There are 2 protein chains.
Amino acid sequence: REYQGSPTGTDIECEGWRQEAALRMLNNNLDPEVAEKPEDLVVYGGTGRAARSWDAYDGILEELRELGDDETLLVQSGKPVGVFETHETAPRVLIANSNLVGKWDNWEHFHELESRGLIMYGQMTAGSWAYIGTQGIIQGTFETLAELARQHYPDTDGLEGKIVATGGLGGMGGAQPLAVTMNGGVCIAAEVDEERIDRRIETGYCMEKTDDLDEAIRRAEEAAAAGERYSVGVHVNAADMLEGMLEREFVPDVVTDQTSAHDELEGYYPSGYTVAEADDLRETDPAEYREEALATMERHVRAILDLQDAGSVAFEYGNNIRGQVRDHRDMDHAFDYPGFVPAYIRPLFCRGKGPFRWVALSGNPEDIHRTDQAVKELFPGKDALHRWIDLARDQVQFQGLPSRVCWLGYQSEDDEDGLTERARFALRINDLVADGEIEAPVVVTRDHLDAGSVASPNRETEAMKDGSDAVADWPILNALLNTAAGADIVSVHDGGGVGIGNAIHANNHVVLDGTDLAAEKARRVFTTDPGMGVIRHADAGYQEAIEEATASGVTIPMEDD
Amino acid sequence: REYQGSPTGTDIECEGWRQEAALRMLNNNLDPEVAEKPEDLVVYGGTGRAARSWDAYDGILEELRELGDDETLLVQSGKPVGVFETHETAPRVLIANSNLVGKWDNWEHFHELESRGLIMYGQMTAGSWAYIGTQGIIQGTFETLAELARQHYPDTDGLEGKIVATGGLGGMGGAQPLAVTMNGGVCIAAEVDEERIDRRIETGYCMEKTDDLDEAIRRAEEAAAAGERYSVGVHVNAADMLEGMLEREFVPDVVTDQTSAHDELEGYYPSGYTVAEADDLRETDPAEYREEALATMERHVRAILDLQDAGSVAFEYGNNIRGQVRDHRDMDHAFDYPGFVPAYIRPLFCRGKGPFRWVALSGNPEDIHRTDQAVKELFPGKDALHRWIDLARDQVQFQGLPSRVCWLGYQSEDDEDGLTERARFALRINDLVADGEIEAPVVVTRDHLDAGSVASPNRETEAMKDGSDAVADWPILNALLNTAAGADIVSVHDGGGVGIGNAIHANNHVVLDGTDLAAEKARRVFTTDPGMGVIRHADAGYQEAIEEATASGVTIPMEDD
Ligand SMILES: NC(=O)c1ccc[n+]([C@@H]2O[C@H](COP(=O)([O-])OP(=O)(O)OC[C@H]3O[C@@H](n4cnc5c(N)ncnc54)[C@H](O)[C@@H]3O)[C@@H](O)[C@H]2O)c1
Ligand SMILES: NC(=O)c1ccc[n+]([C@@H]2O[C@H](COP(=O)([O-])OP(=O)(O)OC[C@H]3O[C@@H](n4cnc5c(N)ncnc54)[C@H](O)[C@@H]3O)[C@@H](O)[C@H]2O)c1
């Protein structure tokens, strides 16, 4: 099917903006600028879909166009299955995607059901109509590094004067140099594939390239000394580069890696081979390729640990390189350096902070620029946030409906009315819509990866303090509570980024149409949603969450005893 | 801890009746008359608990006593974990129990978490504070047989003049003779353990006993011919009894079985042994016991199939005797007779019918007697319902707070205002509370085993027409939708009667306090809740559900195409 994307402007097809917002968000997910394969209803992440079939898609649109302000549409794995009377404050759409009873909760059974047309993979934001293109990647990396800077360099402006050494300039990893420079720092990134470096330079994600590590170090040190932003792609194997730094007794401030180490055959390049030679070896002798790749990984991890001993801040960036050498090289001490979630994301989650995003239903970029200004005015002291908003405005191209992402949390102690960060911002946007400063309503939603919305033992809830990684009561309570609080769309999915049976997560949308009803919903949902993050982490024993609860007046039952 | 049960009367400890109802239902679950081991917080079904620990129990009560009319308490596996502002129409309590991410969704991981105090088994109604003692067992059996009568003997009054042959007079099975006579029929039940027969006679569940099959058949035929109710326990092995019937060319109208055939060592008795001899053999040679038991089961199933061929209506009553001989005796044609859910319960589920229950918070039995009268007045044409209510009133002892259970569904076509059966009844009770005819509010809730609230491939969703047995989107949508519709307590559990990883199910409560708000909630929730049953079965392709939707005006998207 040919596909156009979302309607824009101020005329609506539905009975109200809440229903229209659902219709536009679903269509925006399928915008050719946003979706990977809109013709197959695939939005991103392998087979993450927005609807089960084109018939189901048509059915959803038909129901949304007729849906009353006191009705709720039910969507089961991308198919509309019911409409019931509820009430104005209740959600207009409730979605459950890919959920399976535990014993059958695996890819095999999922694919069997899928082949019979009975289920759909919703990924995280695809099946909940909340995907906004790739700006989330750069922003997530930016925020991770900003948190690292806050923890390790509290007296520095971001990463100013700091050098980050990393590897891998692929789809995700390519965001690293830009995320470092956005934070004011210097990045040296190893990449074996020269074309990848060139692509990052063309698109402005990386500044320079070189084959010469000495030159890279020299330029990096000069830039750092001058407090300037700088990034360089070094055409070299990442393991070789880190060993080279150790030989030269050069200790970068931060060391990490985003080569595709999770896959020792298709993802990671062994040392001692050019890309072409390695590609050949993979074809002719995959077993040998694996051995070579794992041998390089072992050296790679050892170099990271040695740099950590020498004073670098080291962390794993979600590519499972530690797990690989532990499992295949018996190197248990690989886990002597931490993963990025426990180290940098979880402290944010403890404060209810997570990737909050908003979309201008008008289609008018000016509406987002107005919100960019608003978020800066509201949070004058947040340097990293200002830096992100300015750079995003300059450097992030909109895909589909104009949108923005930033991390906001609970932290109601900063507000005289006791409003959370998220609620303050949403109420401000709602006022701008009411005043006509923004042309049409704005939808506020988020990633399923949020503070209190996910159980995912391989990623977001890895290594929880109390061992409650796999307890899925939390995302279910999140969805129930946000439904109770009046979110306009609420969803619960199985799988997401880590695959069927590996995670349960929930999402929600609130439509800011300038009305009092929207204000009421926003005030409540943007308290309950980050609040779930605070209580989930307080329950697991995290001190930051208990402090946040105390400071912000979040009720933790049984805490006072 | 010493334990008392629920407070009663019209004075309340909480800010409103919705919170008080939660407090009383939780305490009622733990009433020594209701709970198996109240001192351990265990309500029923192995380790089904009402709260995670006594500290958690105290914490829940403390929060409920302080909870405002616009606040919602979150309970995570029996522990209070948060309180947030929502609104009056939202639930006062949201509960998620024992839910685990799929890959970890098994007893082993559950027990590990349980031993660290991080999770609790909620069974079905224990963890959602909706258990009301054992009257559900007799009622479920009664309703199954009533549905069988409706299907096979549409022109007969219930089972009048019909003879049911069965086996097993244990904890569940002992309800069979009474359920048959309550339906106006005649029951011949084989039981190897004479003491069990005596116990059923003492408690009025069975009328007579004999060792002599000829006598049992003669008396049964006389009673059936006279249209009289009659039941007899025959002290004989069930397989031998059915073979004896075949030899005598006696064909009962109905044949089933509730011996504990699911367990070939601890549950089922082999033919050719007294109970004492078999108990000895189990000790001395368990392998031989197994062989003997399975050999008897094979004969048992063959006799059921032969009786079916001869004209009996045959069904399996949830004891897995078909599965046992298929798996251990390669007897695939065992499944030539159906299970009770597909045969008799699913047609009810298709119409949104399920076990609806209500509890008088006053503690006054008169309040339930008033509702007994009301349900009969409201549904004058439903004979089986009248029969059940009269007999329940006479024969079912209250345990804890007085309560009642009966099956009601959607079927709004019978009502001029288009109200569902459940809504009509709830609104009637609400009026009686408002008028003071009932002393204090009444809570309406149900079993998690309901039409649209459960995914359980080994029981409630076994052998769904489209193969969607394991799809858990439905119970999650049920919980979200009932939250949206305004139920006062909503819960989602993993496991229940079939164990961790084998089912996901949802429940809800509505508090009828005589107010307009209660009427609004009741009207909506008792439409959405049975409505989920209708749409779930319509989606799976059941004609009865599609007919119900058409007759009652339930919206099925994409149906009109
Ligand atoms: N943080 C997270 O939650 C998160 C999210 C997504 C992906 N990841 C992980 O990050 C990793 C990178 O993802 P991506 O999308 O960028 O992958 P990608 O495959 O697009 O890019 C990997 C890059 O690494 C290069 N490379 C491989 N081995 C190398 C070596 N030894 N030295 C130097 N360069 C080498 C490749 O040439 C390629 O350009 C993956 O393991 C992925 O699973 C983490
Ligand atoms: N319908 C359902 O959903 C459902 C619910 C619960 C239990 N069940 C099943 O029903 C069965 C009975 O449950 P229960 O709680 O009554 O069990 P129970 O163990 O309390 O009683 C079983 C009775 O059967 C008798 N018995 C065993 N083998 C016999 C034989 N060959 N002939 C005659 N009598 C024999 C035993 O003496 C005992 O009295 C179980 O298999 C159980 O799993 C079904």
Among the residues listed as B:ILE137, B:ILE132, the single one being away from chain A (no Cβ under 14 Å), at pLDDT below 95 and surrounded by fewer than 24 Cβ atoms within 10 Å (Cβ to Cβ):
B:ILE137
Show the residue pairs that are 6+ apart or on different chains and have beta-carbon atoms under 8 Å apart, the first residue being within region B:266-285 and of a type in the set (Gly, Ala, Ser), the second being within 11 Å of ligand 2 (Cβ to nearest atom) and open to solvent by 60 Å² or more (accessible area, probe 1.4 Å).
B:SER271/B:ARG299
Under 9 Å between Cβ atoms, which residue pairs at least 6 apart in sequence (or on different chains) link something in region B:290-306 that is open to solvent by 10 Å² or more (accessible area, probe 1.4 Å) with a partner that is more than 11 Å from ligand 2 (Cβ to nearest atom) and among the acidic types (Asp, Glu)?
B:ARG299/B:GLU243; B:ARG302/B:GLU243; B:LEU305/B:ASP336; B:ASP306/B:GLU243
Total residues in region B:478-520, condition at the interface with chain A (Cβ under 10 Å from one of its Cβ atoms) and assigned to a helix (DSSP H, G or I)
10
Starting from region B:315-331, take each residue that is among the hydroxyl-bearing types (Ser, Thr, Tyr) and list its partners that are assigned to a helix (DSSP H, G or I), counting only C-beta distances under 9 angstrom and pairs at least six apart or across chains.
B:TYR317/B:THR141; B:TYR317/B:THR144; B:TYR317/B:GLN176; B:TYR317/B:PHE340
Condition met for B:ARG282 (open to solvent by 60 Å² or more (accessible area, probe 1.4 Å), more than 14 Å from chain A (Cβ to nearest Cβ), away from ligand 1 (no atom under 16 Å from the Cβ) and more than 27 Å from B:ARG219 (Cα to Cα)):
no
Enumeration of residues in region B:357-397 that are in contact with a Pro (Cβ under 6 Å, 6 or more places away or on another chain) and surrounded by fewer than 18 Cβ atoms within 10 Å (Cβ to Cβ):
B:PRO365
Please list, ordered by first then second residue, the pairs with beta carbon atoms under 8 Å, 6 or more apart or interchain, first in region A:132-144 and within 16 Å of A:THR445 (Cα to Cα) and away from ligand 2 (no atom under 16 Å from the Cβ), second among the polar types (S, T, N, Q) and assigned to a helix (DSSP H, G or I).
A:ILE132/A:ASN28
In region B:453-465, what residues are over 14 Å from the mean Cα position of the chain (by Cα) and within 21 Å of B:HIS509 (Cα to Cα)?
B:ALA455
Out of the residues in region A:527-543 that are assigned to a helix (DSSP H, G or I) and more than 24 Å from A:ARG357 (Cα to Cα), which is most open to solvent (accessible area, probe 1.4 Å)?
A:GLN543
Please work out which residue is farthest from the other protein chains (Cβ to nearest Cβ), limiting yourself to region A:461-477 and to residues that are of a type in the set (Gly, Ala, Ser) and without any contact (Cβ under 8 Å) to a residue 60 or more places away in the chain.
A:GLY467
Can you name the residue in region B:150-166 that is assigned to a strand (DSSP E or B) and touching a Gly at 6+ places or on another chain (Cβ under 8 Å) and is also farthest from ligand 1 (Cβ to nearest atom) among such residues?
B:ILE163
For region A:174-227, what are the residues that are touching a Cys at 6+ places or on another chain (Cβ under 8 Å) and either open to solvent by 30 Å² or more (accessible area, probe 1.4 Å) or of a type in the set (Asp, Glu) (or both)?
A:ARG200
Flag if B:ALA484 is open to solvent by less than 10 Å² (accessible area, probe 1.4 Å), over 30 Å from B:LEU67 (Cβ atoms) and touching a Pro at 6+ places or on another chain (Cβ under 6 Å):
no
Which one of these does A:MET558 not meet: (1) facing chain B (nearest Cβ under 9 Å); (2) open to solvent by less than 10 Å² (accessible area, probe 1.4 Å); (3) closer than 18 Å to B:VAL75 by Cα?
(2)
In region A:253-268, what residues are modelled with pLDDT of 95 or more, assigned to a loop (DSSP other than H, G, I, E, B) and either more than 30 Å from the chain's Cα centre (by Cα) or away from ligand 1 (no atom under 11 Å from the Cβ) (or both)?
A:ASP253
Restricting the search to region B:70-94, which residues are outside any loop (DSSP other than H, G, I, E, B), more than 8 Å from chain A (Cβ to nearest Cβ) and either open to solvent by 10 Å² or more (accessible area, probe 1.4 Å) or farther than 18 Å from A:ALA487 by Cα (or both)?
B:GLU71, B:VAL75
Being touching a helix residue (DSSP H, G or I) at 6+ places or on another chain (Cβ under 8 Å), within 16 Å of ligand 2 (Cβ to nearest atom) and not acidic (Asp, Glu) is the requirement here; does B:VAL236 meet it?
yes
Conditions first: (1) surrounded by 24 or more Cβ atoms within 10 Å (Cβ to Cβ); (2) more than 26 Å from A:LEU512 (Cα to Cα); (3) within 10 Å of chain B (Cβ to nearest Cβ). A:TYR121 passes all but one, so which condition is the exception?
(3)
Based on what the data block shows, is A:ARG523 within 11 Å of another protein chain (Cβ to nearest Cβ), open to solvent by less than 30 Å² (accessible area, probe 1.4 Å) and outside any strand (DSSP E or B)?
no
Of all residues being closer than 18 Å to B:GLU143 by Cα and in a helix (DSSP H, G or I) in region B:167-211, which is farthest from ligand 1 (Cβ to nearest atom)? Just the residue, please.
B:THR181
Tell me, please, whether a residue that is in a loop (DSSP other than H, G, I, E, B), modelled with pLDDT under 95 and open to solvent by less than 10 Å² (accessible area, probe 1.4 Å) can be found in region B:426-448.
yes
Apart from one, (1) within 14 Å of chain A (Cβ to nearest Cβ); (2) over 21 Å from B:THR8 (Cα atoms) all hold for B:LEU67; the odd one out is (2)
Taking the criterion of being open to solvent by 20 Å² or more (accessible area, probe 1.4 Å), of a type in the set (Asp, Glu) and over 26 Å from A:ASP212 (Cβ atoms), would at least one residue in region A:247-264 satisfy it?
yes
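The values are calculated or read from the model by the stated rules, or taken from the named source; none is laboratory data. Since this is a predicted model, take the numbers as computed values, not measurements. Note that we place each Cβ from the backbone using ideal geometry, even for glycine, and neighbour counts take in every protein chain shown. The area values use the complete protein model at the heavy-atom level, side chains included, leaving out ligands, DNA and RNA. Shrake-Rupley method; radii C 1.70, N 1.55, O 1.52, S 1.80 Å.
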